1. Between A:Ser72 and A:Glu188, what FRET efficiency comes out of the Förster formula 1/(1 + (r/R0)^6) with R0 = 30 Å and r the beta carbon distance, rounded to 0.05?
2. What's the ranking of A:114-124, A:229-239, B:134-144 by average number of surrounding C-beta atoms within 10 Å, highest first?
3. With a 10 Å Cβ neighbour count serving as the proxy for reagent exposure, in which order, fewest first, do A:Lys126, A:Lys44, A:Lys177, A:Lys213 appear?
4. What is the set of long-range amide H partners of A:Phe39 at a cut-off below 5 Å, with H atoms built 1.01 Å from backbone N?
5. Whose amide H sits under 5 Å from the amide H of A:Met117, counting only residues 5 or more places off or on another chain, with H placed in the peptide plane?
6. With 10 angstrom as the radius, rank B:Ser157, A:Ser222, A:Ser52 by how many other C-beta atoms surround their C-beta, starting from the fewest.
7. Quick check: residue separation of A:Thr47 and A:Val114 times 0.36 nm, minus the Cα distance between them. What number comes out in nm?
Amino acid sequence: MLSSRSIVLLALAGVCAFAQLPRHPGPPPGDFAFMRGEFGFAGKLVTGAPYSAQVSRTFTQTLADGTHIQRSSTATVARDSQGRTRNEETMSSMGRLGAANGASRTTVFIHDPVASMSYVLDSNAKTVRQTQITASQHPHGPRPNAAATGGPRAHSANAATEDLGTQVIQGVNATGKRVTHTVAAGVEGNDRAIQVVTETWYSPDLQLVVVSKTSDPRFGDSVYQLTNITRAEPDPTLFTVPSGYTLLQGGRRGSPAAQ
Amino acid sequence: MSENELDLLEELRALAAAEPQAPSLAVEQKLLANFRARSVRRRRLVWESAVGAFAVAAAVVTLFLSGPAPKRSNAVAQAIQPAAPDIHQAIAEPQQQDSDLPQTRFAVVRTDDVASSFYPLPEAADLPAIETAMVVRVEMPASSLQFMGVPLGEDVSADPVEADVLLGQDGLARGVRLIQ
């Protein structure tokens, strides 16, 4: 049995260790700690237009003192003819926020609208989070330019839309559009008008945006681009859960909206 | 009953009928000494147990506070204002400009650990419409939420919070909701 003196020393050591802990453990301000992917989904169901591509994203912010903050991330995306999507993310930032200690995490999001399921694969832990997502499809079916309509301010009174014509980007035809939204002076305490410019290049064949650029003096500039676009049918196994993964039930995360 | 057993019974009755006899002085002193020694050991055991329990409790608290489990702050969830719209509002709004557009709308089925619906972030207002989206769970200080444009009260807790962040295909956050 431990002597009383030993126990007292042990207790004091524990108290000292407690005192050494930070008062509020966790990431510092402006950062986040990635815990896990919850689920992924596609905003609309696109069938008959398979593809696979690389994604590059860059976010740049210039501070008032001239300091530049730049963050980037990559992904590999694919969609099959049935509309199933796969998104393999190497995540180290979310726009202005960077992962604590610069840590990156690779996570695979699979959305299977055929089975109304979402899978999130954690390749490190060899676990898969399965979530049932049900969605209601609009009866009119897919139409071109559905996703290229821009943000919610594209048709507001303070927004001007400019047609940029057609270009071949990464081997696919794309139509361009630039939306300039003006925040009038005084609206946000600004002494001058602020202009936010969003440029999107949309592929009618693939029914997705292949390039988008946003320039916002308040938050920074972001560039999203698809590269190495391949229009062949992706490997079907990309949209299934590999063997050897432990299933974690994520519950039911979506339901048909009331609208 | 045998003869031996009868003899033993008679002797036990005789012993029981006899008057109690005081122990000798030596026996009494020896008994007192043993009693005092046992009492000291019992007090030491109680004291040592108390100290041990305190040490274990301190170790448990230390491990809890240094582990990955975050401290969840209800105050942060309550501080978000105004009431946040649902996820389908956060992602479907860009597509609502044309009623003929194909629309896949999602509504969050609230689970027990969800404190709020998705709050649309100010900087997402001018971003392209969502084509594919991801929801990731992160831990962040409340100051990061304010950094993202979530309006929090001044008395918000400094504790880190868990949040689900809705990301578009461009990796930029469109909305955030807190986990309780």
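Read-outs throughout are calculated quantities, based only on the coordinates presented, and are distinct from any laboratory measurement. What you see is a predicted model; the values in this text were computed from it and never measured. All Cβ positions, glycine included, derive from the backbone under ideal geometry; neighbour counts span all protein chains shown.
1. Working: r = 28 Å, r/R0 = 0.94.
Approximately 0.60, to the nearest 0.05.
2. Working: A:114-124: 17.9, A:229-239: 13.9, B:134-144: 23.7.
Result, highest mean Cβ count within 10 Å first: B:134-144, A:114-124, A:229-239.
3. On the way: A:Lys126 11, A:Lys44 27, A:Lys177 21, A:Lys213 18.
Result, fewest neighbours first: A:Lys126, A:Lys213, A:Lys177, A:Lys44.
4. B:Val135
5. Close amide H contacts, sequence-distant or interchain: A:Asp112, A:Ile133.
6. Values: B:Ser157 17, A:Ser222 25, A:Ser52 20.
Ordered from fewest to most neighbouring Cβ atoms within 10 Å, B:Ser157, A:Ser222, A:Ser52 come out as B:Ser157, A:Ser52, A:Ser222.
7. Values: separation 67, 0.36 × 67 = 24.12 nm, distance 1.07 nm.
In short, 23.1 nm is gained.
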